[in-house]
Structure formats: C-alpha cells, structure tokens
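Written out below as structure tokens is the structure these notes cover.
The values are calculated or read from the model by the stated rules, or taken from the named source; none is laboratory data. Every value quoted in this text rests on a predicted model; they were computed, and no experiment measured them. Note that we place each Cβ from the backbone using ideal geometry, even for glycine, and neighbour counts take in every protein chain shown.
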Amino acid sequence: METARAAMERAAAAEGVARAPELCAAAHSALARAEAEVRVQSRRRFWSRDYAEAARLAYTARLAAEICAFRAGAVRARQRAGALSTVQDLETSIPRVADLARHARDEVVASDILNAEIALGEARSAVEKQQYERAREASERGLAHLAEAVTDINRIIDDFNSGPRRMVWTKWVKATLDESARTGEAVILVDKLRRELHLFRRQEEIVSYPVDLGVAGVASKTHAGDDATPEGRYRITEIRGPGQTHYYRALMIDYPNAEDRSRFRRLKRAGQLPGDQEIGSLIEIHGQGGRSQDWTKGCVALENDDMDDLVPQVHLGTAVTIVGTIPDETLP
C-alpha cells in the first residue's frame with residue numbers, strides 16, 4: 001500500500017491529474033478501493049482476514065500511478081521543450097524587429113515591441129517556475145505583438161517609398177551620379193531609410209557603410225534642435241582629423257544650403273515654425289557610429305574604421321547627397 005501511495009505522490013509531483021487525467025483517475029480509484037478493502041478486512045477477526053484483494057488493488061493502483069507519472073513526465077518534457085523553443089524564438093525576434101523599427105519610427109510599433117519585451121519577461125519567469133504552458137502562451141503573445149509591429153513597419157516603409165518626395169530624391173540622386181560620370185570624382189549618397197552611406201565614382205559603387213542618424217530617424221529636418229538628419233544636395237566644406245572633433249574624424253557639409261533656407265522661410269511664413277526658431281547648422285559625417293541606433297543631433301555617424309577608409313577617398317567639394325531612400329531605378 002505504501003508503495004502505491006509513493007507512486008501516487010510521484011504522479012502528483014509530475015502534475016499527472018492535468019497531464020494524464022484518465023490514468024491518474026484510474027490510479028486514484030484503485031488506491032481508494034484498496035484502502036477500503038483494507039478497512040473491511042481490518043474489521044474482521046484476525047484468522048478470517050484476507051488481504052489478497054487489497055494487495056491486488058494496491059498493485060493495480062501502483063502500476064496505474066507509475067504509468068501516470070511516466071506519461072505526465074513525457075508530456076511535461078514536451079511542454080518544456082516547446083516552451084523553451086518558443087521563448088528562444090521570441091528572444092531572437094525582438095532585436096531583429098527592433099532593428100527594423102529604426103527604419104520606421106512609430107508609437108504603435110514601439111508599443112508592440114515593448115509589449116513583446118514584457119511578454120518575454122513573463123515567459124522567462126514562468127520557465128523558472130516550471131510553468132511551461134504559461135511560458136509558451138506568454139511567448140506566443142509576444143510573437144503576435146512582433147507580427148503586428150512588422151506589419152506596421154512594412155506599411156510605413158511602403159508609404160515612405162511611394163511618398164511625394166520620391167520624385168525629388170530621384171532627381172537628386174540622378175544629378176549626383178551624372179556629376180560623377182562627368183567629372184570622374186567620387187560622390188557620396190546617404191540612404192536614410194536603409195541607414196547606409198554609398199561611395200560612387202563614375203556611376204560605379206566603390207563601397208558602402210552602415211550609418212547611424214539623428215535621433216529623429218527618417219524625419220525631415222526643418223529647424224535647429226529637431227535631431228533630424230537633413231535631406232538635400234551638399235558639399236564637403238571641411239575635413240577634420242583626430243583631435244579636431246569630438247567624433248574621431250568629421251566631414252563638415254554646407255547645411256543649410258540655399259534650398260534649405262528657402263524651405264525654412266516658407267515654413268515660417270506658413271506659421272509652421274515659431275518666429276524666433278533657428279534653422280540649425282554643423283551637420284557632419286563623423287565617427288563613433290556603429291551603435292545600431294539613431295543617436296546623433298542630425299549628423300551621419302560611421303564606425304571609426306569606416307571613417308578611416310572613407311576620408312582618403314574624398315576631398316573638399318565632394319558632393320554629398322542625402323535622401324530619404326535611394327529609388328532603385330536611379331542606380332546603375
């Protein structure tokens with residue numbers, strides 16, 4: 001009987017009632033009947049007691065309980081493996097979606113990513129408590145939030161690519177590449193959406209580098225302090241080396257140019273900017289980038305090694321064209 005009870009305890013520890021209910025119920029029934037039979041026999045006179053039926057029922061109970069514990073353990077192992085796999089999927093997906101979200105700053109997207117991170121915390125906590133079903137449910141909820149974020153990101157990027165400024169970007173990129181073809185000089189194209197800087201010469205791409213942008217991401221720059229990276233056709237006006245800038249190396253550009261100033265005046269006249277608002281300045285291509293996030297005050301930041309590679313290939317007057325995105329049809 002004690003062996004049967006011990007088997008029942010093992011089944012209970014494996015949560016057999018939840019994971020193998022029919023087997024566990026059969027074990028409970030057999031044990032209860034065995035205990036009842038023991039009570040019946042114990043009330044009889046000593047010489048007339050017969051515990052054979054009780055022993056048979058106890059054996060049946062122990063066998064059913066052992067099977068229940070085994071089945072429950074197998075179910076638990078499968079649930080654990082499934083939960084860990086789903087948690088891992090969520091762990092690897094969050095940084096990927098967060099990286100995509102750099103290209104489409106949006107409160108709804110940010111909220112979905114935050115909710116996914118919260119769900120990941122819940123899932124990890126549930127795994128520690130061996131609550132594998134709860135961990136799986138939390139992870140799946142987090143993955144659902146990420147799926148919604150990706151849908152919104154794709155919509156935002158599609159809207160960005162088909163927006164009214166696309167024609168302007170196409171014109172700027174073509175003019176810049178035509179200049180390189182005509183002069184043989186290197187030119188720089190910065191794609192804000194893709195976070196890339198491309199160096200072309202005679203319409204042939206020489207190299208490209210990943211970049212970080214202003215905190216405002218792909219937003220258009222309109223005034224000082226908006227932390228946005230400007231869009232337009234510029235020139236390198238100064239080259240600063242180590243010790244001449246806080247950011248390792250820097251290529252100063254001529255923002256604001258005449259077109260920037262004209263747009264700034266229009267915004268002021270339209271009442272879209274305060275009368276005392278300044279246009280801003282000191283936009284650079286500089287080092288200390290490679291942070292995989294937009295953190296500058298509007299400048300374009302590269303890794304220091306990439307700046308070492310880029311700077312010798314340009315000079316004062318090199319064309320620098322910054323666009324929201326480079327339309328595919330403009331590239332050679």
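Run down V207, V218 and say which single residue is part of a loop (DSSP other than H, G, I, E, B) and either under 31 Å from the mean Cα position of the chain (by Cα) or assigned by TED's automatic domain parsing to the domain that holds D294 (or both).
Values: V207 fails: part of a loop (DSSP other than H, G, I, E, B).
Only one candidate passes the filter, namely V218.
Taking the criterion of being in a strand (DSSP E or B), polar (S, T, N, Q) and surrounded by 17 or more Cβ atoms within 10 Å (Cβ to Cβ), would at least one residue in region 228-235 satisfy it? First the steps, then the outcome.
To start, the set of residues in region 228-235 that are in a strand (DSSP E or B) comprises 232-235.
Add one more test, that the residue is polar (S, T, N, Q), and what stays is none.
Scanning region 228-235 turns up no residue that is in a strand (DSSP E or B), polar (S, T, N, Q) and surrounded by 17 or more Cβ atoms within 10 Å (Cβ to Cβ).
Please identify the pairs in which a residue from region 167-183 that is over 10 Å from R233 (Cβ atoms) has its Cβ atom under 7 Å from the Cβ atom of a residue that is assigned to a helix (DSSP H, G or I), counting only partners at least 6 apart or on another chain.
Pairs that qualify, where the first residue is over 10 Å from R233 (Cβ atoms) and the partner is assigned to a helix (DSSP H, G or I), are T170/T330; K174/T330.
Looking at L199, is it touching a Phe, Trp or Tyr at 6+ places or on another chain (Cβ under 7 Å), aliphatic (A, V, I, L, M) and at pLDDT 90 or above?
The answer is no for L199.
Which residue, of R269, R249, R265, is charged (D, E, K, R) and under 14 Å from E238 (Cα atoms)? Give the derivation first.
Working: R269 fails: under 14 Å from E238 (Cα atoms); R265 fails: under 14 Å from E238 (Cα atoms).
Just one listed residue meets the conditions, R249.
Regarding region 229-248, can at least one residue be identified that is aliphatic (A, V, I, L, M) and either over 27 Å from D106 (Cβ atoms) or within 33 Å of the chain's Cα centre (by Cα) (or both)?
First pass over region 229-248, keeping only residues aliphatic (A, V, I, L, M): 236, 239.
The next check asks that each one be either over 27 Å from D106 (Cβ atoms) or within 33 Å of the chain's Cα centre (by Cα) (or both); those that pass are 236, 239.
Yes, region 229-248 contains a residue that is aliphatic (A, V, I, L, M) and either over 27 Å from D106 (Cβ atoms) or within 33 Å of the chain's Cα centre (by Cα) (or both).
Anything in region 236-262 that is touching a residue at least 12 places away in the same chain (Cβ under 8 Å) and assigned to a helix (DSSP H, G or I)? List them, or say none.
Within region 236-262, E259, D260, R261 meet the criteria.
Starting from region 78-107, take each residue that is closer than 16 Å to E148 by Cβ and among the polar types (S, T, N, Q) and list its partners that are modelled with pLDDT of 90 or more and surrounded by 15 or more Cβ atoms within 10 Å (Cβ to Cβ), counting only C-beta distances under 6 angstrom and pairs at least six apart or across chains.
From region 78-107, the pairs are S93/L146.
Please find, within region 164-190, the residue that is modelled with the lowest pLDDT out of those that are of a type in the set (D, E, K, R) and part of a helix (DSSP H, G or I). Don't jump to the end; show me each part of the working.
Initially, region 164-190 is screened for residues of a type in the set (D, E, K, R), giving 165-166, 171, 174, 178-179, 182, 185.
Right, trim to part of a helix (DSSP H, G or I) and you get 166, 171, 174, 178-179, 182.
Values: R166: 90, K171: 95, K174: 96, D178: 95, E179: 96, R182: 95.
The residue in question is R166.
For residues that are out of contact with any His (no Cβ under 7 Å at 6 or more places or on another chain) and either surrounded by 15 or more Cβ atoms within 10 Å (Cβ to Cβ) or free of Cβ contacts under 8 Å to residues at least 12 places away in the same chain (or both), tally how many sit in region 273-292.
Pass one, region 273-292, residues out of contact with any His (no Cβ under 7 Å at 6 or more places or on another chain): 274-276, 281-292.
Those still in the list that are either surrounded by 15 or more Cβ atoms within 10 Å (Cβ to Cβ) or free of Cβ contacts under 8 Å to residues at least 12 places away in the same chain (or both) too: 274-276, 283-290.
Residues in region 273-292 being out of contact with any His (no Cβ under 7 Å at 6 or more places or on another chain) and either surrounded by 15 or more Cβ atoms within 10 Å (Cβ to Cβ) or free of Cβ contacts under 8 Å to residues at least 12 places away in the same chain (or both): 11 in total.
From the list L146, L193, which one is touching a residue at least 24 places away in the same chain (Cβ under 8 Å), within 30 Å of E91 (Cα to Cα), part of a helix (DSSP H, G or I) and among the aliphatic types (A, V, I, L, M)? Walk me through it before giving the result.
Details: L193 fails: part of a helix (DSSP H, G or I).
Every option except L146 fails the conditions.
Does A119 meet the test of being crowded, with 20+ Cβ neighbours inside 10 Å and in contact (Cβ under 8 Å) with a residue 40 or more places away in the chain?
no
Can you pull out the residues in region 196-221 that are of a type in the set (S, T, N, Q) and either free of Cβ contacts under 8 Å to residues at least 12 places away in the same chain or in contact with a Leu (Cβ under 6 Å, 6 or more places away or on another chain) (or both)?
Going through region 196-221, the residues of a type in the set (S, T, N, Q) turn out to be 203, 208, 220.
Correct list: Q203 only.
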